[in-house]
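Working notes, structure below.
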Amino acid sequence: MAFCIGVDIGGTTVKLGIFEEEGRNIEKWEIPTFTENEGVRILPDIAEAIKKKMVQLELKKEDCLGIGVGVPAPVTKEGVVNGTANLGWKYKEVKKELEELTGISSVIGNDANVAALGEMWQGGGKGKQDLVMVTLGTGVGTGFIVGGKLIVGSHGAGGEGGHIRVNYEETESCGCGNRGCLEQYASATGIVRLAKKKLAQETRDTLLTKKEISAKSVFDAVKAKDDVAMEIAEEFGTYLAYGLSNMAALSDPSIFVIGGGVSKAGSVLIDYVEKKYREVAFFANRDVEFALASLGNDAGIIGAAKLALDAVR
């Protein structure tokens, strides 16, 4: 039986999955991510976990079509990472090292791009060939797929939509060092930032003064028709709509798939973004679907498996 392996490397855990060619999951599991000493253990631990699982499931190396890996950093086409925010890696030849450790052909991609591939293959964007996946979590990650293929770019940083500038008047810095990035307004931390700024000047009663501020508490208050929370959601939706309209002008997707922790707010979130998007997008890009991601935490391993399959097809 031919199979492939998907690996999603996170700062806390590494998720792994074994899949049949058509996408059926055979097994999934996870191991801790040890980031000490510049993450020296991460790839050896992954290789060991794969070998043990293949022995356990009586799978042969010659039947493995490849290993796909999602990494939280820009990745070049050669599978090289030039630094990560939370793995401890600096310059690392991920593809070369993993292939040496496992003896199996490997393909490496950025985690947001890989998640987009997963959602296109088996999730919210299934059946689409041109899509933008937007992951609203601690930051804003985006993955661009055009004609069924990921946009990677010459430095592995293609499709970094979270760092499109949407506010030229911003004085505070984004985590990337620039100012006014989409990530400063549309991420979970960005929504909290918008809420705190508004509440600092607010005199009206609001549910938000009665609980700790989080993206969830803001959208819970929106669902309760809290006026202040609805205005915060409106501001969030405006910034995200401007960001998406810029992305659409460049890639012309048929669908935006919205995922990440913030997307758990559900369809109410899409309502705030979609309405404003239709107003500000280039006329030829307005007819775009909006959908919530459906694969959850499995998007990474499913997309990584697809990355491996695409490399041999």
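Would you mind ranking Tyr272, Tyr168 by Cβ crowding within 10 Å, fewest neighbours first?
On the way: Tyr272 22, Tyr168 7.
Lowest count first: Tyr168, Tyr272.
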Quick check: net charge around Ile104, other residues with Cβ under 15 Å of its Cβ, Lys/Arg +1 and Asp/Glu -1?
+1
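Once you sort the root eigenvalues of the Cα gyration tensor of the range 156-237 as a ≥ b ≥ c, which label holds: rounded (a/c under 1.5), prolate (a/b larger than b/c) or oblate (the other case)?
On the way: a/c = 2.61, a/b = 2.00, b/c = 1.31.
Prolate.
With charges set only on the Cβ (+1 for Lys and Arg, -1 for Asp and Glu), what does the dipole of the chain come to about its Cα centre, in debye to the nearest 20? Provide the component values of the computation, followed by the final result.
Numbers: 36 positive and 43 negative charges, 42 e Å.
Using Cβ point charges on Lys, Arg, Asp and Glu, the chain gives about 200 debye.
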Percent breakdown of C-alpha pair distances by 5 Å bin, ordered from the shortest bin, for the range 73-199:
2, 11, 16, 19, 18, 15, 10, 5, 2, 1, 0, 0
Arrange Met230, Met247, Met1 by Cβ neighbour counts within 10 Å, fewest through most, would you?
Met1, Met230, Met247
The chain, Gaussian network, Cα under 10 Å: of Gly147, Gly118, Gly303, the residue fluctuating most is Gly147
What is the magnitude of the charge dipole of the range 127-293 about its Cα centre, with +1 placed on the Cβ of each Lys and Arg, -1 on the Cβ of each Asp and Glu, and no other charges, expressed in debye to the nearest 20?
280
Taking the Cα centre of the range 1-155 as origin, sum charge times position over the Cβ atoms of Lys and Arg (+1) and Asp and Glu (-1), and report the length of that vector in debye to the nearest 20.
180
When DSSP beta bridges are limited to those with both residues in the chain, what percentage is antiparallel, rounded to the nearest 5?
60
Name the residue from Val218, Asn113, Thr138 whose Cα lies farthest towards the positive end of the charge dipole of the chain, charges +1 on Cβ of Lys and Arg and -1 on Cβ of Asp and Glu.
Val218
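Sort Glu22, Glu289 by Cβ crowding within 10 Å, fewest neighbours at the top. Please list the in-between numbers first.
Details: Glu22 7, Glu289 14.
Exposure proxy ranking, most exposed first: Glu22, Glu289.
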As I understand it, the dipole of the chain uses +1 on the Cβ of Lys and Arg and -1 on the Cβ of Asp and Glu, about the Cα centre. Which of Val166, Gly39, Gly147 lies farthest toward its positive end?
Val166
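Quick check on my link table: of Lys60/Lys149; Lys77/Lys149; Lys51/Lys95, which ones sit more than 22 Å apart, alpha carbon to alpha carbon? Walk me through the numbers before you get to the answer.
Values: Lys60/Lys149 29 Å; Lys77/Lys149 13 Å; Lys51/Lys95 17 Å.
Among Lys60/Lys149; Lys77/Lys149; Lys51/Lys95, the Cα-Cα distance tops 22 Å for Lys60/Lys149.
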Between the range 54-106 and the range 246-286, how many Å separate their Cα centres?
32
Computed over the range 127-293, Cα set: Rg, Dmax in Å:
15.7, 51
Which value does Rg/Rh take for the chain over its C-alpha atoms, Rh per Kirkwood?
1.00
Spatial extent of the range 45-94: Rg and Dmax, with the Cα atoms as the point set, Å:
13.7, 37
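Read-outs: derived from the displayed coordinates by stated rules, not from any lab. Small disclaimer: the values here were computed from a predicted structure and weren't measured. Quick reminder, even Gly has a Cβ in these numbers, built from the backbone with ideal geometry, and neighbours come from all protein chains shown.
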